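Right, one structure below, let's go through it.
The values are calculated or read from the model by the stated rules, or taken from the named source; none is laboratory data. Just so you know, these numbers come straight off a predicted model, no measurement behind them. Reconstructed Cβ throughout: ideal geometry from the backbone, glycine too, with neighbour counts over all protein chains shown.
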Amino acid sequence: MGGSFKDKIELSRRKKQSSIILALDLIINDRNVLLTKSFEILKDVAPYICALKLNHHLILPLSLYDDVQKLISFAHDLGLPTIMDCKINDIGDTNRVIARYYYEAGFDAVIASAFIGWEDGLKPVFDLARQVGKGVILLVYMSHKGAEEGYGQRVVDLETGEVVMQYKLFASRALKWGADGAVVGATFPEKIREIKFMLKDKVPIYSPGVGAQGGDVERAAEAGSHYLIIGRRIFQSSNPAEAAKSFRDTASRFL
């Protein structure tokens, strides 16, 4: 899959006429069953989604360079870009190693925390991503109930000396650093609207938290979410394909 990550996922979004990203966060103790079920669900829902996002739910029980790599390759065969939700949050040298392994395994983008800053923080990740044609998506405001305790703090912007909201500072970093996306929880449509105004159309918004966490597809899309990340409401459904199609159809009028 050639081109930049932003181009890849936007092309997929247009071809599939879908802004839905599947968060395949299955929890099954039997590793063989876990892998088989992951393939089955991905195959069934592929016509209705534009990308696949994985978290540690599959990375930890399945080998990165074996079973997970097979799943990534399968997603690519289905025309789906892949995102690793590793929330990179360490010193620069370690961050680069983390990103390198995930990129080498086939992931098209990684998610990283803006808390750690640029120099000796995320700069090595962005540098590597640009070298190998991969993407970096920044956390700006997460979807869980306690998100305000971190992302909703008032902090001092060291460059201007002004007191600003933490999430607005992170949004400005997404712009300044040239991030390929910004994560803003679907559970906070008012934050999506604020951040969308700041980012314009330069950095697309990725919104997790639809369904199980209480986020709503229409409210998030209307507020400015470009991509909607959905997990349990799809893969725990008795018919994952129908669930994915329903979400796709609901969001399609905002494309």
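I need a count of the residues in segment 235-249 that are surrounded by 23 or more Cβ atoms within 10 Å (Cβ to Cβ) and touching a Phe, Trp or Tyr at 6+ places or on another chain (Cβ under 7 Å). Summing the residues that are surrounded by 23 or more Cβ atoms within 10 Å (Cβ to Cβ) and touching a Phe, Trp or Tyr at 6+ places or on another chain (Cβ under 7 Å) in segment 235-249 gives 2.
Take the residues in segment 121-149 that are of a type in the set (Gly, Ala, Ser) and in contact (Cβ under 8 Å) with a residue 24 or more places away in the chain; name whichever of them is nearest to Asn89 (Cα to Cα). Filtering segment 121-149 for residues that are of a type in the set (Gly, Ala, Ser) and in contact (Cβ under 8 Å) with a residue 24 or more places away in the chain, the one nearest to Asn89 (Cα to Cα) comes out as Gly121. Scanning segment 221-255 for residues that are modelled with pLDDT of 95 or more, over 17 Å from the mean Cα position of the chain (by Cα) and not in a helix (DSSP H, G or I) turns up Gln236, Ser237, Ser238, Asn239.
In segment 225-255, what residues are of a type in the set (Lys, Arg) and touching a Gly at 6+ places or on another chain (Cβ under 8 Å)?
So in segment 225-255, the residues of a type in the set (Lys, Arg) come out as 232-233, 245, 248, 253.
Correct list: Arg232, Arg233.
Name the pairs whose Cβ atoms lie under 9 Å apart, with the first residue in segment 39-53 and of a type in the set (D, E, K, R), the second surrounded by fewer than 19 Cβ atoms within 10 Å (Cβ to Cβ), and 6 or more positions between them or separate chains? Close Cβ pairs satisfying both conditions: Lys43/Phe74; Lys43/Leu78; Asp44/Asn239; Asp44/Ala241; Lys53/Asp25. Just so you know, in segment 166-187 the residues that are aliphatic (A, V, I, L, M) and buried (at least 18 other Cβ atoms within 10 Å of the Cβ) include one that is farthest from the chain's Cα centre (by Cα), and it is Leu169. When Phe170 is tested against the conditions (1) free of Cβ contacts under 8 Å to residues at least 60 places away in the same chain; (2) closer than 22 Å to Ser12 by Cα; (3) not in a loop (DSSP other than H, G, I, E, B), the lone failure is (2). For segment 188-220, give me each residue that is outside any helix (DSSP H, G or I), of a type outside the set (D, E, K, R) and either surrounded by 24 or more Cβ atoms within 10 Å (Cβ to Cβ) or touching a helix residue (DSSP H, G or I) at 6+ places or on another chain (Cβ under 8 Å) (or both). Matches in segment 188-220: Phe188, Val203, Pro204, Ile205, Tyr206, Ser207, Pro208, Gly209, Val210, Gly211, Ala212, Gly215.
Kindly evaluate Ser207 against the criterion of being in contact (Cβ under 8 Å) with a residue 60 or more places away in the chain and more than 14 Å from Leu22 (Cα to Cα). The answer is no for Ser207. Note on segment 87-128: residues that are within 22 Å of Pro208 (Cβ to Cβ), aliphatic (A, V, I, L, M), modelled with pLDDT of 95 or more and touching a helix residue (DSSP H, G or I) at 6+ places or on another chain (Cβ under 7 Å) amount to 8.
Evaluating Pro204 against the criteria (1) in contact with a His (Cβ under 7 Å, 6 or more places away or on another chain); (2) at positive phi leaves one unmet condition, (2). Val155 satisfies every condition listed in (1) under 19 Å from Ala23 (Cα atoms); (2) part of a strand (DSSP E or B) except (1).
For Val164, the criteria (1) part of a strand (DSSP E or B); (2) under 27 Å from Ile230 (Cβ atoms) hold in every case but one, which is (2).
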